[in-house]
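See below for the structure under consideration.
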Amino acid sequence: MARRSNFIESNDNFREQNLRFVRNEFEDNINQFFEGANPSGGNQQAPPRRDSLIVQPTPGQKRAAAGSGLEGQKRRRVSTSRKFIIGGYSLPYIESNRQPLPQPEGESYAVTFFEQQPNYNTHPYANEDGTVDNHEESESDSESIDSHRSDNRGGNNGGRASKKIRTRLRKMWTKMYREKNYKDWKNWWKDFKWCGAEINKKLEKFGNINIQHRFIPKYGKASTEQVVKKVITAAHMGLEKNTNKVYRNMRSIFLLMNETVLDNLSEEQMLQVQDLIRSIPNHLWLYKIRSMVFLWKMFHDSLKTRTSTFVQAASELKAVSRSWENPLFHWLAKQAFDELKAVSEIAWPDHNKVYPQLDG
């Protein structure tokens, strides 16, 4: 019996060793699989301790949820204390870091501009809201703001004229910007400082009216969700793309400040809008803002001094006149001029010395 007992005990030991060998081989394969998920080996966690992968659940224990498959994506960090301000409206600050910024966020001209709450009064020296402007935008925001659709009822002459004007002005602006080096603040103010006073004179003639409702998005029968998407798309076009629709691009900035739009942003859209604003390079921001002042100057010259050569037909002159009688056109020009002056005071070391001495 002793030999029988020894045989059984020996056989049991062999079986246990064999089972342990099979189990360890199985776990080695699993560990190698987990290690293979990070072939670089950099900062990877040590494989789970042997015998730790095969765990029987305790009674009542729920199965662990499956992974989302998004572990490789960067997590969004929503700050509970810090805010992202758009037109005086506070949004939860969402940190993305999905791309390097062109400049630190605290040095972004666009971020600083969007933080301010606009004064929608057309009078340049008024602080009160003013009476509501009864003028309505004549075209839907789903169409070109620059198309002047309201005067196209009898045909497309007005639309064709506006398109020709935009194309011609874009070529002139691109050439002048490079040849006269308008990136240089002194060169810029030598030619455009006088515009500030003239813009204010024109705005004074419109009186004390409030034009905030002119920035209510109009997209026909679109739902609120659809309107929000279209406004964001328009902002991307206006701020990121090199288009020749200067008036529309400038207006898209203030459409994005509409409180109804901001109230209905999803978290993903909040991130999208915040990334859009803080990702605008300062040089591109200044180029777009300067474009609006340049547009105002060219319209002024064509109507007041007749020194501009970009208007070549009666229909084109009519299109320019329509814009000139629109208070929103001059209000947008003032926002652009004031923004340039504010940036110049900070970015140009000689501003306080040279600017006051320039004509204008």
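The values are calculated or read from the model by the stated rules, or taken from the named source; none is laboratory data. Nothing here was measured: the structure is a model prediction, and the numbers come from that model. Glycine gets a Cβ as well: all are built from the backbone with ideal geometry, and neighbour counts include every protein chain shown.
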Neighbours by Cβ (under 8 Å, 6+ apart or cross-chain): first from the stretch 207-233, more than 27 Å from Leu271 (Cβ to Cβ) and assigned to a helix (DSSP H, G or I); second modelled with pLDDT of 95 or more and not β-branched (Val, Ile, Thr): Arg214/Leu328
Within the stretch 323-360, which residues are within 33 Å of the chain's Cα centre (by Cα), surrounded by fewer than 16 Cβ atoms within 10 Å (Cβ to Cβ) and of a type in the set (Lys, Arg)? Lys341
Residue in the stretch 168-209 that is surrounded by the fewest Cβ atoms within 10 Å (Cβ to Cβ), counting only those that are among the aromatic types (Phe, Trp, Tyr) and either modelled with pLDDT under 95 or over 21 Å from Leu284 (Cα atoms) (or both): Trp194
Given the residues Gln212, Gln274, which is the only one that is surrounded by 13 or more Cβ atoms within 10 Å (Cβ to Cβ), modelled with pLDDT of 95 or more, touching a Phe, Trp or Tyr at 6+ places or on another chain (Cβ under 6 Å) and of a type in the set (S, T, N, Q)? Gln274
Of everything in the stretch 295-313, what is in a helix (DSSP H, G or I) and either on the phi > 0 side of the Ramachandran plot or modelled with pLDDT of 85 or more (or both)? Give them in sequence order. Leu295, Trp296, Lys297, Met298, Phe299, His300, Asp301, Ser302, Leu303
Considering residues of the stretch 239-252 that are in contact (Cβ under 8 Å) with a residue 24 or more places away in the chain and part of a helix (DSSP H, G or I) only, the residue nearest to Gln212 (Cα to Cα): Arg251
Output for the stretch 258-271, where each listed residue is out of contact with any helix residue (DSSP H, G or I) (no Cβ under 7 Å at 6 or more places or on another chain) and either part of a loop (DSSP other than H, G, I, E, B) or buried (at least 16 other Cβ atoms within 10 Å of the Cβ) (or both): Leu262, Ser266, Met270, Leu271
Per the list (1) crowded, with 20+ Cβ neighbours inside 10 Å; (2) modelled with pLDDT of 95 or more, residue check on Lys245 breaks on (2)
